[in-house]
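Colleague: Here's a structure for you.
The values are calculated or read from the model by the stated rules, or taken from the named source; none is laboratory data. In this text the structure is predicted, and so the values were computed from the model without any measurement. Positions of Cβ are generated from backbone atoms using ideal geometry, with glycine treated the same way; all protein chains shown enter the neighbour counts. Surface areas here come from the heavy atoms of the whole protein model, side chains and all, with no ligands, DNA or RNA. Shrake-Rupley method; radii C 1.70, N 1.55, O 1.52, S 1.80 Å.
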Amino acid sequence: MTEIKNTERELHFFRQRLTAVGAFVFICFALLLSRFVWLQVIKHSDYAAQAEDNRIALVPVVPNRGLIVDRNGVVLARNYSAYTLEITPSKLHDSLDAVIDELAKLVAVEAKDRKRFKKLLEESKNFESVPLRTRLTDEEVARFTVQRFRFPGVEIQARLFRQYPLGEVASHVIGYIGRINQAESKAIDESDDGANYSGTDYMGKEGLEKSYEKVLHGATGYEEVEVSASGRAVRTLSRSAATPGSNLILSIDIELQKIIEDAFGEWRGALVAIEPSTGDILAYVSRPGFDPNLFVEGIDQQSWNELNTSLDRPLVNRPLSGTYAPGSTFKPFMALAALELGKRTPNQAISDPGFFYLGGHKFRDDLVGGHGTVNMHKSIVVSCNTYYYVLGNDMGIEAIHDFMKPFGFGQLTGIDLQNEKAGVLPSKEWKRSRFKTRALQKWVGGDTISVSNGSGYNSYTPLQMAHAVANLANDGVVMKPHLVRIVENGVTKARTLTVPKESYRIPLKPENIAFIKSAMVGVTSEPGGTAFKVFANAGYTVGGKTGTAQVIAIKKNEKYHANMIAERLRDNALFTAFAPADKPRIAIAIVVENGGFGAGVAAPIVRKALDYYLLGKRPGAKDTTKVPKEDAETFRPVDEVKAEEGLGGQPRPDFEIPANNE
């Protein structure tokens, strides 16, 4: 039987299928066309920019860090170029330990390098490169370069490194830089300087390197680099140069600094020397010190343990954060307060039996039997405790506090270092806030007696003591103490004084200041003066004051014997001075921990410092400089240079700072 086909029906279905397919094809082409229009027309600019970004990499150009030099141009912190072997963990194909083991076959990798690398790795982001070895030799660079294809994620970078040529000398002044850790990186990213630190791995951690970080760092530049699909640089398209950081010209005389540090020997302590008329800090010594070069690339664990656990505390910045009782160095200020407040006249005298009674408590003088009849001049020259027991009782603590405050006792000086301690200038209010119980909060007469003699609750930094002596030597004109004298622009070389004018003036009567200075000169020049032997035949006039301060309290009726107690429990030795006496160019305060009598250890160190600064004499050298005594006051210090009058009327250094990438 023949099947009859319905041609019309089949043709109808065929046309439907054809229409459906055609519609599907049309829709597909419409979608492709619309996508094409979206990509090539509407989003053309966006995707063109992305494509350009893939082709062009923006590479930060890290600026050269500014140099640090002393007042005469001696370089204290500089930069040098060297190769570094660095690993980016996120780009490694093998395990980190396996890669390091293979690298060790090409480049020397010691155990301390591995430990430092792991420590830095913990502080870094996974996509950052971390240095495994620094300061590679040319031979090591060549060996790795030949085998580089085997180590994806490992690169050799040419970088600038920080170096401190003098090692421990002035280490607490200069401080050091170190690798930026995660906490610091987060803080930078959240600050306005985030973009300026792109590509920067290091920043100041301590000292001037930290407090002048923004000044030293400079401004980051950028390069537009064309890269291949594999990320290799092909060519540089454009470059925005980095702006080098500014240079710091310090007030420090590094030769004076060296002499003082050597003079300390094995003693612990601090010394600050200031130019009274400017506030320039000429020497800033904290002993013992440390080598800042150890910290630049990350200090190894052994060195860290040695520094951190040492009983000598070499990492403590003693002039800034060490607080000590001033001892008898406080007496000239007490005497000046008595004159200014009308509590005493210069010739008013007491009879010193060797003790003073208050409320049944016996306060002893250091001399059994006392000093006899003592006026104000003699009280300073021979350092009579009883005189100041009586004076302090008459003045009262509030009068003492209010007079001492403008001199800087117990106040932040504002020096250009961070973490300065204020110390304690005691008062009734201070004691109420210091203690919790009412019995301890009450101020008693014995507290005043102790404070008036430089002990008790008195607690000041060596920096504050030096600042106070400088203010006295400068007739009450207060200059802010500072370590950086001039900031030199890294590009224009323009120089700006950091402290161009005085801070304020303490209203003092000239005759009273002159009297106190004369008595302090008697300490070093009159027979019986506590520092007379130390400054015999000095060739210049010195105003000074010795001091001794207890470290531990001595029981009632018990006599102090230094050789019968542990060395670290013995009295601290102090000495303050200014010279030449009538036109002071230098004021000094020194504390020698557990050194005993101020004239025994502290004053001889000051004598060496003054001999060099005023006469150019070095310890152990023959005295070839003949300076007549009558001309000693006008003898120029060895650090002065012939210079034109610069900013603020101050002499401008006439040296040029070398390039900071040498």
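Colleague: Of the residues I590, I605, which single one is modelled with pLDDT of 95 or more, more than 23 Å from I513 (Cβ to Cβ) and either of a type in the set (V, I, T) or part of a loop (DSSP other than H, G, I, E, B) (or both)? Even if it seems obvious, please write down each step before you answer.
Modeller: Values: I590 fails: more than 23 Å from I513 (Cβ to Cβ).
Sole residue among the options that is modelled with pLDDT of 95 or more, more than 23 Å from I513 (Cβ to Cβ) and either of a type in the set (V, I, T) or part of a loop (DSSP other than H, G, I, E, B) (or both): I605.
Colleague: Taking interchain pairs and intrachain pairs at least six residues apart, which have beta carbon atoms under 9 angstrom, with the first residue in the range 323-338 and without any contact (Cβ under 8 Å) to a residue 12 or more places away in the chain and the second open to solvent by 10 Å² or more (accessible area, probe 1.4 Å) and not aromatic (F, W, Y)?
Modeller: That search, which allows pairs on different chains as well, returns nothing.
Colleague: Moving on. Return yes when H401 is open to solvent by 30 Å² or more (accessible area, probe 1.4 Å) and under 20 Å from S518 (Cα atoms) and no when it is not.
Modeller: On the way: open to solvent by 30 Å² or more (accessible area, probe 1.4 Å): yes; under 20 Å from S518 (Cα atoms): no.
Taking the combined requirement at face value, the residue does not satisfy it.
Colleague: Which of the numbered conditions does E429 fail, given that it passes all the others? Conditions: (1) open to solvent by 50 Å² or more (accessible area, probe 1.4 Å); (2) within 22 Å of T576 (Cα to Cα); (3) of a type outside the set (A, V, I, L, M, F, W, C).
Modeller: Every condition holds for E429 apart from (2).
Colleague: Criterion first (under 24 Å from Q163 (Cα atoms), basic (K, R) and out of contact with any Lys or Arg (no Cβ under 8 Å at 6 or more places or on another chain)) does K258 satisfy it? Walk me through it before giving the result.
Modeller: Working: under 24 Å from Q163 (Cα atoms): yes; basic (K, R): yes; out of contact with any Lys or Arg (no Cβ under 8 Å at 6 or more places or on another chain): yes.
Answer is yes for this residue.
Colleague: Cβ-Cβ below 6 Å, separation at least six or inter-chain, first residue in the range 293-310 and farther than 19 Å from R162 by Cα and among the basic types (K, R), second open to solvent by 30 Å² or more (accessible area, probe 1.4 Å) and assigned to a helix (DSSP H, G or I): which pairs?
Modeller: none
Colleague: So, one more: I need the full set of residues from the range 387-398 which are aliphatic (A, V, I, L, M) and either within 12 Å of K428 (Cβ to Cβ) or open to solvent by less than 20 Å² (accessible area, probe 1.4 Å) (or both), in order please. Can you show your working first?
Modeller: Step one: of the range 387-398, the residues aliphatic (A, V, I, L, M) are 390-391, 395, 397.
Listed by number, the residues that qualify are L391, M395, I397.
Colleague: Can you pull out the residues in the range 483-505 that are without any contact (Cβ under 8 Å) to a residue 40 or more places away in the chain and assigned to a strand (DSSP E or B)?
Modeller: R505
Colleague: Take G456 and decide whether it is modelled with pLDDT under 95 and not aromatic (F, W, Y). Steps first, answer last, please.
Modeller: On the way: modelled with pLDDT under 95: yes; not aromatic (F, W, Y): yes.
Yes.
Colleague: Given the criterion of a type in the set (A, V, I, L, M) and touching a helix residue (DSSP H, G or I) at 6+ places or on another chain (Cβ under 9 Å), identify the matching residue among A473, A439.
Modeller: Details: A439 fails: touching a helix residue (DSSP H, G or I) at 6+ places or on another chain (Cβ under 9 Å).
The match here is A473.
Colleague: Further question on the same structure: Starting from residues that are open to solvent by less than 40 Å² (accessible area, probe 1.4 Å) and among the hydroxyl-bearing types (S, T, Y), keep the ones in the range 528-556 and report whichever is farthest from K331 (Cα to Cα). Before the answer, list the steps.
Modeller: Applying the first criterion (open to solvent by less than 40 Å² (accessible area, probe 1.4 Å)) to the range 528-556 yields 529-531, 534-535, 538-547, 549.
Narrowing further to those that are among the hydroxyl-bearing types (S, T, Y): 530, 540-541, 546.
On the way: T530: 13, Y540: 23, T541: 20, T546: 10 Å.
Selected residue: Y540.
Colleague: Please enumerate the residues belonging to the range 345-363 that are open to solvent by 50 Å² or more (accessible area, probe 1.4 Å) and of a type in the set (D, E, K, R).
Modeller: K362, the sole residue that qualifies.
Colleague: For the range 364-376, how many residues meet the condition of being at pLDDT 95 or above and either basic (K, R) or surrounded by 19 or more Cβ atoms within 10 Å (Cβ to Cβ) (or both)?
Modeller: Total meeting the criteria: 2.
Colleague: Turning to a different aspect of this structure: Among the numbered criteria (1) open to solvent by less than 10 Å² (accessible area, probe 1.4 Å); (2) closer than 25 Å to D366 by Cα; (3) in contact (Cβ under 8 Å) with a residue 60 or more places away in the chain, which single criterion is violated by S459?
Modeller: (1) is the only condition that S459 fails.
Colleague: Just one of (1) in a loop (DSSP other than H, G, I, E, B); (2) open to solvent by less than 20 Å² (accessible area, probe 1.4 Å) trips up L412, so point out which.
Modeller: (2)
Colleague: Going residue by residue through the range 432-445, is there one that turns out to be modelled with pLDDT under 95 and touching a Leu at 6+ places or on another chain (Cβ under 7 Å)?
Modeller: Yes - at least one qualifying residue is present in the range 432-445.
Colleague: Those residues that are at pLDDT below 70 and open to solvent by less than 70 Å² (accessible area, probe 1.4 Å), I need them from the range 51-72; list them, please.
Modeller: From the range 51-72, those at pLDDT below 70 are 51-58; that's our starting set.
Listed by number, the residues that qualify are A51, I56, A57.
Colleague: Does T386 satisfy the condition of being polar (S, T, N, Q) and assigned to a helix (DSSP H, G or I)? Walk me through it before giving the result.
Modeller: On the way: polar (S, T, N, Q): yes; assigned to a helix (DSSP H, G or I): yes.
So T386 fits the description; yes.
Colleague: Just for the range 489-511: of the residues that are basic (K, R) and closer than 19 Å to L76 by Cβ, which one is modelled with the lowest pLDDT?
Modeller: First pass over the range 489-511, keeping only residues basic (K, R): 493, 495, 501, 505, 509.
Narrowing the set further to residues that are closer than 19 Å to L76 by Cβ leaves 493, 495.
On the way: K493: 92, R495: 95.
In this case the residue turns out to be K493.
Colleague: If you don't mind, there's one more thing I want to ask. I'd like the full set of residues that are buried (at least 20 other Cβ atoms within 10 Å of the Cβ) and outside any helix (DSSP H, G or I), limited to the range 509-527.
Modeller: none
Colleague: OK, next. Check A48, A30 and return the single one that is at pLDDT below 75 and not in a loop (DSSP other than H, G, I, E, B). Write out each step before concluding.
Modeller: Numbers: A30 fails: at pLDDT below 75.
None of the other options fit; the residue is A48.
Colleague: Taking the range 359-369, which residues are in a loop (DSSP other than H, G, I, E, B) and farther than 13 Å from Y388 by Cα? Before you say what the answer is, go through the steps one by one.
Modeller: So the first thing to find is which residues in the range 359-369 are in a loop (DSSP other than H, G, I, E, B), and the list is 359-360, 365-369.
Within the range 359-369, G359, G360, L367, V368, G369 qualify.
Colleague: Another question about this same structure. Out of the range 70-117, which residues are basic (K, R), farther than 30 Å from E168 by Cα and without any contact (Cβ under 8 Å) to a residue 40 or more places away in the chain?
Modeller: The first filter runs over the range 70-117 and keeps only residues basic (K, R), leaving 71, 78, 91, 105, 112, 114-116.
Retained after the next criterion (residues that are farther than 30 Å from E168 by Cα): 91, 105.
Within the range 70-117, K105 is the sole residue that qualifies.
Colleague: Any residue at all in the range 471-488 that's open to solvent by 10 Å² or more (accessible area, probe 1.4 Å), in contact with a Phe, Trp or Tyr (Cβ under 9 Å, 6 or more places away or on another chain), at pLDDT 95 or above and more than 24 Å from K545 (Cα to Cα)?
Modeller: Yes, that holds for at least one residue.
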